[in-house]
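The values are calculated or read from the model by the stated rules, or taken from the named source; none is laboratory data. None of these values were measured; they are calculated from a predicted model. Positions of Cβ are backbone-derived with ideal geometry, glycine not excepted, and every protein chain shown enters the neighbour counts. Protein only, heavy atoms only, side chains kept; ligands, DNA and RNA dropped before computing areas. Shrake-Rupley method; radii C 1.70, N 1.55, O 1.52, S 1.80 Å.
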Amino acid sequence: MANRVHDMGMDRAQGSRLLAKYDYGAENEVREWIQAVTGTSIPEGPDNVYRELKSGVVLCNLIAALYDGSSSLSPEAQAFRPKIKSSNMDIAFKQMENIEIYLKAASLYGVPITGIFPTVDLFENRNLGAVIAGLQSLGSEAQRHEFSGATCGPKPTVKNKRNFTMEQLKNGDSIIGLQSGTNKFASQKGMSMGAVRHVADIRADEMNQDGQGVITLQSGTNKFASQKGMSMGSVRHVADIRADDMNQEGQGEIGLQAGTNKFASQSGMSFGKGRGVSDIKISKVTDEQDMMY
């Protein structure tokens, strides 16, 4: 594990996103709590927290102190207390065993599954934020078990069961919840947002009969200069000459655009010779047929 390559590509991007969500306020709270319970001082910063917690020794000392200072442990937790022992050997699998012992003890202590982080999240520093959140969950469970020392994390939730009589439940059938709306408070009834805009941008009561025959400028006008009679460019004829320049004498002439028969042509020319079906000359076939008859 010590020779694990550095994260690259998507793993590196994922690590950057997790580091951006790292809660430094929660880190300070956890560091002060660990120091108050175990006496171990952890420097500030994610790298220092990872370096101190990586071996799992501090975590085992923390959970052991919580077990000893809590009065309401389950029988399973009390049976597991003698197994909470850490190894100081600087070997990867021994350090991972220490983390596993802490996670098992925390689970028996009552930490929910959301507070149990994978071993590699701490040992390989993949998600230190999950480790801090798990320690806060451990602090909440310590408050639930009435730990005698310092506390950490939010206060634990307490079950608050309500018992309603049948008469109280029936009274609620005639009440409309606020999720469906209410008519008991101030409302916007009678309010209008702005005035109605007419097509002609004038008030309807100001319109009269005289204006019915007037065409507004929005519909165009015929009172000013227009482009009537204008033409864009001239008409181009087929022969590229003006129509009024044509006369009867030119009707019998074929323009060069249509071709000409006055100069040399390819009339009478042939390309190659005819190919017989049997690849032989037709004259030979005729001679052979005459000899047969």
Relative contact order (%) - criterion: Cα under 8 Å, at least six apart; region: the stretch 85-129:
26 percent
Decide, for the stretch 39-104, between rounded, prolate and oblate: order the square roots of the alpha carbon gyration tensor eigenvalues as a ≥ b ≥ c, take rounded if a/c falls under 1.5, and otherwise choose prolate if a/b is larger than b/c, else oblate.
oblate
Cα gyration tensor category, rounded, prolate or oblate, for the stretch 23-181 with a/c compared to 1.5
prolate
Take the solvent-accessible surface of the protein heavy atoms, probe 1.4 Å, and return the percent of it on the stretch 36-194 that carbon and sulfur atoms account for.
51 percent
Gain in length, residue 40 to residue 232, computed as 0.36 nm per residue apart minus the alpha-carbon separation, to one decimal in nm?
59.7 nm
Cβ-defined net charge surrounding residue 25, 14 Å radius [Lys, Arg +1; Asp, Glu -1]
-3
For the stretch 7-111, the per residue accessible area (1.4 Å probe, Å²) is 56 Å²
Sequence of 17, 31, 81, 144 from largest to smallest accessible area, 1.4 Å probe
17, 144, 81, 31
Extension gain from residue 26 to residue 158, taking 0.36 nm per residue of separation minus the Cα-Cα distance:
45.3 nm
Here, chymotrypsin sites (Phe, Trp or Tyr not before Pro) of the stretch 116-170 satisfying both criteria (DSSP loop; at most 14 other Cβ within 10 Å) are 164
Quickly rank 134-140, 32-38 as a protection proxy: mean count of other C-beta atoms within 10 Å, highest first.
134-140, 32-38
